[in-house]
Amino acid sequence: MINIIVALAAEAKPIIAYYKLKRNHAIHAFPLYSGKDMNLVVTGSGKLASAAATGFVAGFIKNIDIEQNSAWLNVGIAGHRDRECGTAVLAHKIIEKSSTLNHYPFVSQSLSVPGVEICTVEVVETEYADDLVYDMEACGFFVAASRQTSLEFIQCLKIISDNHTSNVYDLKPNNVSSLIENNLEIIEETKSDIMNLFSQRQMQIRVPAQWLEWRRRFHFSETQNHLLRNLFYNLQALDDMKYIDQIEKANVKDAADLISILQNRVESY
Amino acid sequence: MFSAIYVESELRDHPRVKAICDKFGKGSAAIPIIECERYTELFNRKAQNFRLQKQSPALILARKHANYVLPAPSAYNIGGKYNYYFSHMLNCLYDCRYCFLQGMFQSANYVLFINYEDFAAALQIKFVEHQLEDSYYFSGYDCDSLAFEPVSQFVTSILKIFKGQAKAILELRTKSTQIRSLLDIEPMDNVIVAFSFTPDEIASRWEDKAPSVAKRIAAITKLAKLGWKIGLRFDPLIYHPDFQQQYENLFKTVFSNLSEKSIHSVSLGLFRLPEKFHKKMTKLFPDEALFVAGLSKRSSELNANMISYKESIEANLFNGCEKILLDYIPASKFFSCQER
Ligand code: SF4
């Protein structure tokens, strides 16, 4: 599952169309759109709004996805003193104007989008004093997403929308949508790259199918559930999943009994 | 080679940093260079996946501020009383599945401490402290001593410090064939180049990216011919029902290529992991048999919270290997220096 976080409805529009996302009318806190393995939320401007919406989506998916795992992509417009409008850039470092804290997104070797330092500001930047890409959300997004998942599954992609010669205040919603629309291929490439790593990890931690069957059979406490999952992993590592199929279901009394049977088996190695 | 190079801001003009950045940060295949304040901002951050990062780690160029030379863990010795270790680097270019670094560090990125002069100064203080007795210094605890040498040139710089210090003995522990820095200079009597080995079957399965056993032996042979003292570290001992045969074959190959005269010392090391590291490693590799088969948690006071082979397996493995080993070397060269 990937969650795309955008600040403006105009930024969201081409992405919603491209991925054929549908509005979830049951959700009122933020406009939320969903499609196959994807959510998109429109947060409103500013790092607080971005952080709040990211946290909100995390809560939303936790209710529907028991694995509680997710990948995150922030897409939006940003300014830079002399980078050409329409250019896509990827955050390699995020700094927050109002603090000394820096953040370092994962650098993926397979992405060719140029990496930049993004400075998240609280009011629109028109001076472009330093050689930085200025935005208003990256930092809020990144901090909130980092609380939900591993660093490798979070990226922040910006499209340059204004610079010294192209005034930010001249931007109309249509221009914003076009900037995003012209970069849909790069958005897709970035999304696929994150999802590629994400799927690798999902494969690595995939629990054998029999785990679910047994979980449905008895009530397991949180601790027992954790233990059971590890025992299934152990048997898988030992290439002994056939043992689980040989267990006479009728002879297993309860969760504790199953755990003890499996523990004995693992310890016999 | 790296996904990115991170440089601590205060080091941006350091000559070693500049040289590395010039080498990798320019041209068509330029690697992104990103400034950071302290390496810990990235390296110690929670919620990173060591296994995924290991596919394309970044290099972090940092300054170490303290603790350059530390007392060595008790299992790290070759008979000496005063044992120290130092790490100019955190993490390794190789990817041995059993490596404890995966359990110890949050990140798989390489950290290279480029203030070699501070390591040298700290070592010289220890040399003075121990001028009347032998003291031992181990390099290669948090990394491989030689694997990164073509880039770091750390060993080249540190060997100069050990020159003429007869009572200070340096062990360079490695699996690497990057031995140019040693081939280019006169062998030093107080330096042991210690190669780690597991049998071929183990190495090819669990020592990803490390040079093959045959290549390591070729490197040793070259060094021995030139007069370098060789250490052999069969560490960690990995159990397999056929371990006797596997280790017999390994010892036979290694010792048929080396004269006894060139061997400084031989040691066997046990496979042991602090429980915390083991837990992290199994999370990274839930499908890895190496972290399950035959292992248990030790309850004795000495080994509390350590995961290792069950006592019977461990004793069988260690004693079996020791017995075979003593057919090839005199007992005086064997160091059974593990806490057991
Ligand atoms: S060579 Fe040593 S330090 Fe490097 S991965 Fe293997 S065990 Fe770890």
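The values are calculated or read from the model by the stated rules, or taken from the named source; none is laboratory data. All values reported here derive from a predicted model rather than from experimental measurement. Every residue, glycine among them, receives a Cβ derived from its backbone with ideal geometry; neighbour counts consider all protein chains shown. Surface accessibility is based on the protein's heavy atoms, side chains included, excluding ligands, DNA and RNA. Shrake-Rupley method; radii C 1.70, N 1.55, O 1.52, S 1.80 Å.
Close amide H partners of residue A:87, meaning residues 5 or more places away or on another chain with modelled amide H under 5 Å apart, are A:160. Of A:152, B:311, the order by accessible heavy-atom surface (1.4 Å probe, DNA, RNA and ligands excluded), from most exposed downward, is B:311, A:152.
Taking every alpha-carbon pair under 8 Å whose residues sit at least 6 apart, region A:85-144 reaches a relative contact order of 33 percent. Legend: residues in region B:40-70 shielded by at least 10 square angstrom of accessible surface upon adding the remaining protein chains to the isolated chain (1.4 Å probe, heavy atoms) are B:41, B:42, B:45, B:47, B:48, B:49, B:51, B:52, B:53, B:55, B:56. Looking at chain B, the accessible area is 42 square angstrom per residue; that uses a 1.4 Å probe and ignores ligands, DNA and RNA. Given N residues in region A:206-267, what is its alpha carbon radius of gyration divided by 2.2 N^0.38 Å? Its radius of gyration relative to the 2.2 N^0.38 Å reference: 0.99. Of the GluC sites (Glu not before Pro) found in region A:1-93, those that fall in a DSSP loop while having at most 10 other beta-carbon atoms within 10 Å are A:84. Taking θ as phi - 60° and the Karplus parameters 6.51, -1.76 and 1.60, the scalar couplings of region B:34-51 work out to 10, 7, 9, 7, 10, 4, 5, 3, 9, 6, 8, 4, 6, 6, 10, 10, 4, 5 Hz in sequence order, x denoting glycine and proline.
With each label modelled as a point 7 angstrom along the Cα→C-beta vector, the residue B:18-residue A:188 pair spans 4.6 nm. Rolling a 1.4 Å probe across the protein heavy atoms gives region A:206-267 an accessible surface of 59 Å² per residue.
When the Kirkwood radius is taken over all Cα pairs of region A:2-203, what Stokes-Einstein diffusion coefficient follows at 25 °C and 0.890 mPa s, in µm²/s? The diffusion coefficient I find is 147 µm²/s.
Rolling a 1.4 Å probe over the protein heavy atoms leaves residue A:215 with an accessible area of roughly 80 Å².
Indicate the residues belonging to region A:69-111 that lose 30 Å² or more of solvent-accessible heavy-atom surface (probe 1.4 Å) upon moving from the chain alone to the assembly of all protein chains, ignoring ligands and nucleic acids. SASA drop of 30 Å² or more in region A:69-111: A:92, A:93, A:102, A:104, A:106, A:107, A:109.
Using the Karplus relation 6.51 cos²θ - 1.76 cosθ + 1.60 with θ = phi - 60°, the per-residue 3J(HN,Hα) values for region B:198-210 come to 10, x, 3, 4, 6, 4, 6, 8, 10, 10, 4, 6, 7 Hz, with x marking Gly and Pro.
The value for chain B of Rg(Cα) / (2.2 N^0.38 Å) is 0.99. Here the accessible area of the protein assembly as shown is 50 percent carbon and sulfur, with a 1.4 angstrom probe and all protein chains present. Heavy atoms of chains A and B lose about 2400 Å² of accessible surface on contact, summed over both sides with a 1.4 Å probe. Computed over protein heavy atoms with a 1.4 angstrom probe, the accessible surface ordering of A:62, B:160, largest first, is B:160, A:62.
Close amide H partners of residue B:34, meaning residues 5 or more places away or on another chain with modelled amide H under 5 Å apart, are B:5, B:6, B:7. Taking all protein chains into account, the per residue accessible area for region A:2-203 stands at 43 Å² (1.4 Å probe).
Burial of accessible area (probe 1.4 Å, heavy atoms of protein chains only) in region A:238-260, relative to its chain alone, reaches at least 10 Å² for A:238.
The convex hull built on the alpha-carbon positions of the protein assembly as shown has an orientation-averaged projected area of 31.1 nm². Close amide-amide hydrogen proximity is noted between residue B:264 and B:230, B:231, each under 5 Å apart and 5 or more residues distant or on a separate chain (H modeled in the peptide plane; Pro and chain starts excluded).
The loop-placed GluC sites (Glu not before Pro) in region A:163-269, going by DSSP, that have at most 16 neighbouring Cβ atoms within 10 Å of their Cβ come out as A:248. In order along region A:122-131, the Karplus-derived 3J(HN,Hα) couplings, from 6.51 cos²θ - 1.76 cosθ + 1.60 at θ = phi - 60°, round to 9, 10, 3, 8, 10, 8, 6, 4, 10, 7 Hz, and Gly and Pro are given as x.
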